[in-house]
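Below is one structure; the comments refer to it alone.
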Amino acid sequence: MNIMDFNVKKLAADAGTFLSRAVQFTEEKLGQAEKTELDAHLENLLSKAECTKIWTEKIMKQTEVLLQPNPNARIEEFVYEKLDRKAPSRINNPELLGQYMIDAGTEFGPGTAYGNALIKCGETQKRIGTADRELIQTSALNFLTPLRNFIEGDYKTIAKERKLLQNKRLDLDAAKTRLKKAKAAETRASQLNSARLEGDNIMVNFSYMLNFLHVKWLKIWAEEVTKSEQELRITQSEFDRQAEITRLLLEGISSTHAHHLRCLNDFVEAQMTYYAQCYQYMLDLQKQLGRCFPSNYCNNNQTSVAPAPSASSNVIGSSALTSTSGLVITSPSNLIDLKECSGSRKARVLYDYDAANSSELSLLADEVITVFSVVGMDSDWLMGERGNQKGRVPITYLELLN
């Protein structure tokens, strides 16, 4: 029974406080009550915290879109995260593309040029997919998680204390308003007590009785002055204490910015590693394709350039095709002329070349070797000789000397 009485009293007190705050807030909006303004420093801190929260949310959401463009996958990951369960692993787009290429290359035949190239491209795409998976994991751990912890942790605490500060301010302003009304009532009561009544008729006596009752009622307000002053001191103390707590929390935003800066640096390093890996993978793939298919490996954006004539050397053919990768593809007509030329010739190596098997000869840029044609050999290759070493070499890596 006592517990029930206590709960009822507490409920009534809370309802009274809520009503007082609502009245004060409404009167402030209507311009009928004064409002205690926060100091400029605290206002700036509040504005900085709100700005940090807004932009952190935007950056976090867009980073999630960047790392996982599929909205359905993001929703699924969000649900699993809320259920505190690990999301099932799924194949990503580069890995899927790589698998399709490998399957296609196997179907066309690994011994064919196109099938072999598809398999090599597919393996590279799968490596890129693995790098993409590592980027997502690293970025989620070192960048997204700290941002999410701020939004769901630190800022929620700040918002809670900020709301409590707002309530304390409303209580303070309500106490100021009650004290102001109590003092006005006390002044009015003093004026009525000092009023002198003249005459002895019924109306004068009736008026006296009304004034007497009015004075008694006003005296009730006068008795509220002391109580209101005490309440004002209490609410002012609570407001100052809450403002200090809120200020200390808000000053931690600078530390949050410093922490997010370190996380941003980790994100940049993760991206740098990812793009460096992708570049290296594609560079290796490009070399493999150029080495295995030198006469066929040229893109659709190639342009023809005519080299300047030289008295001491003759570039294989009268023109060369230069692709964006820097590989020089000699024109077919002049390769035929070279094939028809009998005997051995000296040639300068244009680029480094790693032999793919024991039948080929590895080359170093700028070295001079002896080359000659062999009946029945592929038209894109010559037989190269360096000392007692001999092997096939791609024509496109050579410059014929006089």
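The values are calculated or read from the model by the stated rules, or taken from the named source; none is laboratory data. Please read all numbers here as calculations on a predicted model, not as lab measurements. Here the Cβ positions follow ideal geometry from the backbone for every residue, glycine too, while neighbour counts run over all protein chains shown. Note: areas computed on protein heavy atoms with side chains; ligands, DNA, RNA excluded. Shrake-Rupley method; radii C 1.70, N 1.55, O 1.52, S 1.80 Å.
Points worth noting:
- Integer Hz, Karplus 6.51/-1.76/1.60 couplings in order for the stretch 344-353, x for Gly and Pro: 9, 9, 8, 9, 9, 7, 7, 9, 5, 9
- Sites ARG85 and THR112 - FRET efficiency at Förster radius 45 Å, r taken between beta-carbons, to 0.05: 0.45
- Distance from the C-alpha centroid of the stretch 237-279 to that of the stretch 339-402: 60 Å, rounded to the whole angstrom.
- SER379 versus GLU367: modelled label distance in nm, points set 7 Å from Cα along the beta carbon direction: 2.9
- Listed residues LYS180, LYS86, LYS48 arranged by accessible area, highest first, probe 1.4 Å: LYS86, LYS180, LYS48
- Listed residue pairs exceeding 20 Å between alpha carbons, taken from LYS180/LYS227; LYS58/LYS168; LYS168/LYS227; LYS160/LYS227; LYS35/LYS181: LYS58/LYS168; LYS160/LYS227
- Per-residue SASA remark: MET272, around 120 Å² accessible (1.4 Å probe; ligands, DNA and RNA not included).
- Under the simplified labelling scheme, the SER254-ARG348 pair shows an inter-label distance of 6.4 nm, with each label point 7 Å from Cα along Cα→Cβ.
- With q set to 0.17, 0.18, 0.24, 0.26 Å⁻¹, the log10 of I(q)/I(0) for the stretch 93-149, from the Debye formula over equal scatterers at the Cα positions, is -0.56, -0.59, -0.80, -0.86.
- Kirkwood hydrodynamic radius over Cα pairs of the stretch 361-402, then Stokes diffusion coefficient at 25 °C and 0.890 mPa s, in µm²/s: 230
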